[in-house]
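Take a look at the structure set out below.
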Amino acid sequence: MGALLEDLASNPHLAPTYAAVNALCTIGTEEAYDVINREKLLGFLWSLKQPDGSFNMHVGGEVDVRSAYCAASVASLTNIMTPKLFDGTAEWIARCQFWEGGIGGVPGMEAHGGYTFCGLAALVIMKRVHLLDLKSLLRWVVFRQMRFEGGFQGRCNKLVDGCYSFWQAGLLPLLHRTLHAEGDSALSYTNWMFDQKALQEYILMCCQCPSGGLLDKPGKSRDFYHTCYCLSGLSVAQHFGSGEMLRETVVGSPENILKPTHPVYNIGPDKVASAIMHFMQKEIPDLNSKNNEM
């Protein structure tokens, strides 16, 4: 058993790959960028690609929408994204949209906030958002904000959870910008399509631990995961628009304001731009030239 666990621990996995690439892009130095072996990263992504367009999380591992997003995120940031690598992926994600309007982990699975963000963000990266029923998705997500608590639930008939402050609220900038590009005249030009103040109040008053860190809901333990996504959701709720159109809504002290986060990658927008500019100067690795059949 020990040998098996040791072997599993050494296997590369898409979730920590996504986190590591984001962390290195956040550092944003030449030394950090050079840590990423783009040729091996591309080979790893190919090893996970399935005939139907989906991706495994690791070799022999589970398949769900998270893996498609993680693959698209790291590939687009590091300039190893090719149409062939993601052939069929957008269509597979579209089949995961459930009748409720949100996206499930795999086709036919119940709509879920985390999977919905991953699916929509991946399609934004691939420029294939039109494959979804966006109005149905919008209706589903706005009804996930709880009237009393102000935070978001992840699925219908579930309790509020601090991490969905990003997974659900983070969908609204993506939907807003897509629908705006399509000329939807019903969109607001002053706020995202959820109660930004109510979400901030839930995070600030219900999710903060007095000794530091953030949590799911009162009574739960703090952890790095909920600290990250509560803060990410707080950032989304504080900032509307971008550039010259940026508007800020801050509940409580002005010191509560956070830096903006990129709605697709969930790192600083400046860090995303710097990474893309850096890696765009490099050629996409040609794995076939090294006798690697894809």
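Yes/no per residue for (1) in a helix (DSSP H, G or I); (2) free of Cβ contacts under 8 Å to residues at least 24 places away in the same chain; (3) open to solvent by 50 Å² or more (accessible area, probe 1.4 Å):
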site	(1), (2), (3)
L41	yes, no, no
G53	no, no, no
V59	no, no, yes
Y69	yes, no, no
A72	yes, no, no
A75	yes, no, no
T82	no, no, no
A90	yes, no, no
A94	yes, no, no
Any pair with Cβ under 7 angstrom, 6 or more apart, that starts in region 1-22 at a residue that is outside any helix (DSSP H, G or I) and ends at one that is modelled with pLDDT of 50 or more: N11/H58; N11/V59; P12/F44; P12/H58; H13/M57; H13/H58
Residue check, L137 touching a Ser or Thr at 6+ places or on another chain (Cβ under 9 Å), under 16 Å from Y69 (Cβ atoms), in a helix (DSSP H, G or I) and open to solvent by less than 40 Å² (accessible area, probe 1.4 Å): yes
Selection status of L171, modelled with pLDDT of 95 or more, open to solvent by less than 20 Å² (accessible area, probe 1.4 Å), closer than 22 Å to A19 by Cα and in contact with a Lys or Arg (Cβ under 8 Å, 6 or more places away or on another chain): no
Residues (closer than 22 Å to I276 by Cβ and of a type in the set (S, T, N, Q)) located in region 34-66: N37
Residue ranges of helices (runs of 4 or more DSSP H) in region 181-294 with at least 1 members over 18 Å from F152 (Cα atoms): 224-238, 269-280
Residue satisfying condition, being farther than 30 Å from P83 by Cβ and charged (D, E, K, R), within set R177, R147, R128: R147
Which numbered condition Y265 fails, given (1) within 30 Å of Q50 (Cβ to Cβ); (2) open to solvent by 60 Å² or more (accessible area, probe 1.4 Å): (2)
Residues of region 270-284 classified as surrounded by 17 or more Cβ atoms within 10 Å (Cβ to Cβ) and farther than 19 Å from E30 by Cβ, total: 0
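The values are calculated or read from the model by the stated rules, or taken from the named source; none is laboratory data. Every value quoted in this text rests on a predicted model; they were computed, and no experiment measured them. All Cβ positions, even for glycine, are placed from backbone atoms using ideal geometry, and neighbour counts span all protein chains on display. Side chains included, ligands, DNA and RNA excluded: accessible areas come from the protein's heavy atoms. Shrake-Rupley method; radii C 1.70, N 1.55, O 1.52, S 1.80 Å.
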